[in-house]
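Since every read-out is calculated from the coordinates, none of them should be taken as a lab result. Values in this document were obtained by computation on a predicted structure and should not be read as measured data. Cβ atoms come from the backbone with ideal geometry, glycine included; neighbour counts cover every protein chain shown.
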Amino acid sequence: MGELAAEKHVRYILAVEKKKDSYEAQLMEHLRMNGAYWGLTTLDLLGKLGVVDEAEVVSWIMECQHESGGFGGNVGHDPHILYTLSAVQVLALFDKIYVLDVDKVASYIASLQNEDGSFSGDIWGEVDTRFSYIAICALSLLHQLDRINVEKAVNYIVSCKNMDGGFGCTPGAESHAGQIFCCVAALAITGSLHHVDRDRLGWWLCERQDNKSGGLNGRPEKLPDVCYSWWVLSSLIIIDRVHWIDKNKLIKFILDCQDLEKGGISDRPDDAVDVFHTYFGIAGLSLLEYPGVKPIDPAYALPVDLVDRIFVLRRQPKA
Amino acid sequence: MHGRPRNPAKGEDEAAAAARASKLRDLQSRFLHNHHHNIYDEEAMEVSARLLEMNPEYYTVWNYRKMAVERYMDGVGGDCDGVEGVLKRELDVAQAALRVNFKSYGAWHHRKWLLNKRRSSLDKEMELINLLQSKDSRNFHAWNHRRFVAALMNSSEIDELKYTRDVIGQNFSNYSAWHNRSVILSSLFKRKAEGFFPKEKILNAEYQLVQNAIFTEPDDQSGWFYYLWLLDQTIDVEAPSVISSWPAPSSELFITADGSAPGTVISLFRSYQVNTGIFPLVLYFSEPVKGLSPSTVTVKSFFTESVGLTWRPLSNANDYSMAWVAYLDLSKVKSGSSETYPVEVRCHHYQGIASFNGFHCSHDFVSKFTVRIHHLDSSHGKLHEMGAISWKDCNFQKYEGDIEVSIPLPVKWSRMDKDQETVACKDAGAILAYEIALLHELLAVSDKIGKLLLARLSTALDTVVSDDASRSHRMEEILELYGDLMALDTPHLQYYKDQHSITLLNQATSSSGIFSRYCWLYTDVSVPAGERVICVRFNSLSLTQFTSIECLLWVQMLDLSHNELRSINGIEAMQSLACLNLSNNNLCSFTALDPLKRLKSLKVLDISHNEIGSHSIDTTRYLWSSPLSRTVRMDTNCDDALPVDGIITAKHWEGVFIFRNLRLTQLDITGNPVVDEDFVVLLRRLLPKLVWLDGQRLNAI
């Protein structure tokens, strides 16, 4: 079993943040808000959030807010629910949710709920259960869940349940680990996990593990990928079925995906690294209780101590 | 991102890379400028098209192009030719983007948005989808788009079903096709479409189809889940029913009414404070249901008016639960009398009680029993000074009584009544028996999936047949299969162990004869005279799951020690439970103890030597009642919920939430890393009635 090169990954993330002019960076410019969430949450999980210029990040985030209340992926980009959640999550990391006009953001998100309880990503109407999760997660962090029809939102998610216990992006769509995470986490946050067949889904999820490499894939007969260490794993944790996979084998797979020279983690061993997979690898290791990584909440995808402070210990002193 | 090699061969020098980056940056900034200044001339549209070809994920461009279309359509009104041309141009742009990235959400949605604007040339759209699917049959965007277009075209489900058959015929290793087949068949079954009702014939054909897949390539998962879905369809029981209740029908319940001062306890067992009167009525259903209320459940007794009863779901969910409880109030009973009171509970098959799928019970459930109250008060002598309950072997002796009479073991619901064994059950039994025979034939090799399916089929068969003779043999076979699988597929060891435990408990509670082996008499001074307390001892069975709880609703004392339990979900239905031993198990957090909060009679608890405090990740964090899952409201002042101890309670807030709801007199908690001096202080404040802690008698605070 290898070791986690935490220092290298921290340096990799800080370096990527600065390299805005490369072709790769240009290609990702539209989702820089997501990138901020992946990079900064990883830093926090490794105990290094303090090295970042908080004021600079917060100010840039606010520049990405549109007059509708939603956030774009970068300055000047159209608002979308995807980047709105990342913005709220990053502000939460810095304990700066209060800089928001909470009502305005909540109104934007609530306005995206449709008659059938589903959510559109933006005013152009793409519907996907990813957006249901995003709306529920963001509004919950803002303590504004009552702004939407939660019952209808839950019913829509349940209508996307499949024969294998999993969930797809719309009713009738095939089960996919990413969608399953979104639906299971949304049901968890709204206290609706009794709609999940935990045994059937748990078995489908545990069969994502490739016996040879130990990695997890996203659906049957596909290749293993580190990002599924999050989506499959967090789903298993939420429904208390994580003991159905071989945890040690998965840890080994994630560690094998590290670039031990330059830092960062890739989708598969010896592939190119990126911040996306670095985050999911570290988050996965957190869920596997790897030493030196802070515990992460499987539904909010934020550190446990942060989530506990937001929902339970608001008036208690920071331990 | 995905699939790019870490150190690519140097195919490109730095200058070329810089040029590409510069070109992209230039396009992006020009586009943003046009977008913010609402410029939609030819040149601007060309910029946006080129940008999408280089980077179809740049989502703002798709918005911009939609705005351009809308501006055009608003401007020209009904000019059809122009509009057709514009829409075709947009479809071409989307198609070009799909060539670059087959999975671009933006490109697929753009096509959907355009088709919603004008439903032209849907045939051509379907042709394109067919073409794309032939190149990648697992692309879920294509399958979803296909579903969308088929609906717009009003294609018949039969045709779409045939398409899935064709795809599977070409290559059975296509999970997407199997999935879509299940969606279409579900719809046809649900509306009882012609040719698809009754479903037995179709199911038989589907079993044959999926078997070809599984036995040609046993390691390919494509057919596995479809097979299990077929199994669900085969034993599909529509109506929920009551499978167990407490007090059991035709039983005589003996209660000791404690008329002494509140706060004192005479006996742990079957004793209810007359003033507080927590006498539970439990109804246990075959699946989660909602809607129990005084109008759907009638209770006739001396104690209370039926309308006064509140039925509560025992699970965490606010509405659906398998087990429901209502508490009878005994305070009307006069002291000194020693009467026998009849009680009748009737659960109606009206509209009110329904399962998830909306089905109602098909017939009434009636339970008649009697309650006999024996009063004790301080005039009967000194209040009983209890010793601690001890779980040592020497305190138990084999139960030799008449099992049939004294242990109300509910007959498994499907075999309740030979008359009730429906045609559906008989058909299901026939299909399952046939499939099992076939599997036995084909299982030449020791395939994991073959053994697992055989175990699952046998388990399913067990629920639909009423033949007791073959049950025992069948369960032994299932246990052996799971044992084989544990050795064959070690990465999934824990999964098979869970299934093994479930089967073991199913077997243990399958008949009075077998069950009596686990029943023992607890002999100790704390048992009141005339009462015989039976302790069910399931210790040291390597159990990883605790199930078959519908058979244990009457149990007052339960030993589950020395197992490997991670969760005690479902135990909340055991409303009679007074003493529980969970020592030496694998409980990993306080949250796993959540079900105990609803056991109002629980006084003695042993959770020593578990793993509470060993884990940084809590796998039951969202499965208990807490502010995180919106099942405990935190809109009231949080400080009220937590005793003012600052850091200590913050560190142990989950433990606080659990223990403040327990009314224990005896607790064993040693051997869990979480327990330190601070925590013990906290515990004593949360459990004011505690007399014994870790074997020591406590002094009054």
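With the charge dipole of the stretch A:14-139 set up from +1 on Lys and Arg Cβ and -1 on Asp and Glu Cβ about the Cα centre, the Cα lying farthest toward the positive end among the listed residues A:Met28, A:Gly76, A:His66 is that of A:Met28. Could you tell me which of the pairs B:Lys368/B:Lys398; B:Lys290/B:Lys332; A:Lys48/B:Lys112 are separated by over 32 angstrom between their Cα atoms in the structure shown? Long pairs (Cα-Cα over 32 Å): A:Lys48/B:Lys112.
In this rough spin-label picture, where each label sits 7 Å from Cα along the Cβ direction, the A:Arg11-B:His33 distance is 4.0 nm.
The simple Förster model, with R0 at 30 Å and r as the Cβ-Cβ distance, assigns B:Arg312 and B:Ala469 a FRET efficiency of 0.15. Computed over all pairs of different Cα atoms, the Kirkwood value for the hydrodynamic radius of chain A is 19.8 Å. Taking 0.36 nm per residue of separation and subtracting the Cα-Cα distance, full extension of the segment from B:Thr340 to B:Glu42 would add 98.0 nm.
Between B:Lys117 and A:Asn211, how high is the FRET efficiency from 1/(1 + (r/R0)^6) when r is the Cβ-Cβ distance and R₀ = 60 Å? Nearest 0.05. Calculated value: 0.80.
The residues packed around A:Lys152, meaning those with a beta-carbon under 14 Å from its beta-carbon, carry a net charge of -3 if Lys and Arg are +1 and Asp and Glu are -1.
Dipole magnitude for the stretch A:44-111: computed about the Cα centre from +1 point charges on Lys and Arg Cβ and -1 point charges on Asp and Glu Cβ, it is near 160 debye. Each label point was placed 7 Å from the Cα along the Cα-to-Cβ direction; for B:Ser295 and B:Asn154 their separation is 4.1 nm.
Once you list every other residue whose beta carbon is under 12 Å from the beta carbon of A:Ser132, what net charge do they have if Lys and Arg are +1 and Asp and Glu are -1? Within the 12 Å Cβ shell, the charges total 0. Mean silhouette area of chain B, derived from the convex hull of its C-alpha atoms and averaged over all directions, reads 41.8 nm².
A straight Cα-to-Cα reach below 26 Å connects B:Lys689 with the lysines B:Lys382, B:Lys392, B:Lys597, B:Lys600, B:Lys603, B:Lys651, residues fewer than 8 places away in its own chain not being considered. Partner shielding of A:241-248 amounts to 5, given as the average count of beta-carbon atoms from other chains within 10 Å of each residue beta-carbon. Residue by residue along A:186-193, Cβ atoms of other protein chains within 10 Å of the local Cβ number 5 on average. The DSSP beta bridges internal to the protein assembly as shown are antiparallel in roughly 65% of cases.
The value given for the protein assembly as shown is a Kirkwood hydrodynamic radius of 31.4 Å, derived from the mean inverse Cα-Cα separation. Here is the P(r) of the stretch A:55-146: all C-alpha pair distances, binned every 10 Å from 0, give 18, 56, 24, 3, 0 in whole percents.
Once both labels are positioned 7 Å from their Cα atoms along Cα-to-Cβ, the gap between A:Glu151 and A:Ser59 label points is 4.8 nm. What does a probe at A:Lys104 reach in the stretch A:46-77, counting residues whose amide N is under 13 Å from the point 7 Å along Cα→Cβ? Residues A:62-72 qualify, since their backbone N sits under 13 Å from the label point.
The stretch between B:Asp484 and B:Arg191, if pulled fully straight at 0.36 nm per residue, gains 101.3 nm over its current Cα-Cα span. Only lysines eight or more places from A:Lys252 in sequence, or on another chain, were considered; those with a Cα closer than 20 Å are A:Lys8, A:Lys212, A:Lys222, A:Lys262, A:Lys294.
The calculated FRET efficiency for the pair A:Lys222 and A:Asp197, based on their C-beta separation and a Förster distance of 22 Å, comes to about 0.50. Using 0.36 nm per residue and subtracting the Cα-Cα separation, the extra length available between B:Ala433 and B:Gln696 on full extension is 89.0 nm.
Residue ranges B:610-619, B:58-67 sort as B:58-67, B:610-619 when ordered by packing (mean number of other C-beta atoms within 10 Å per residue, highest first).
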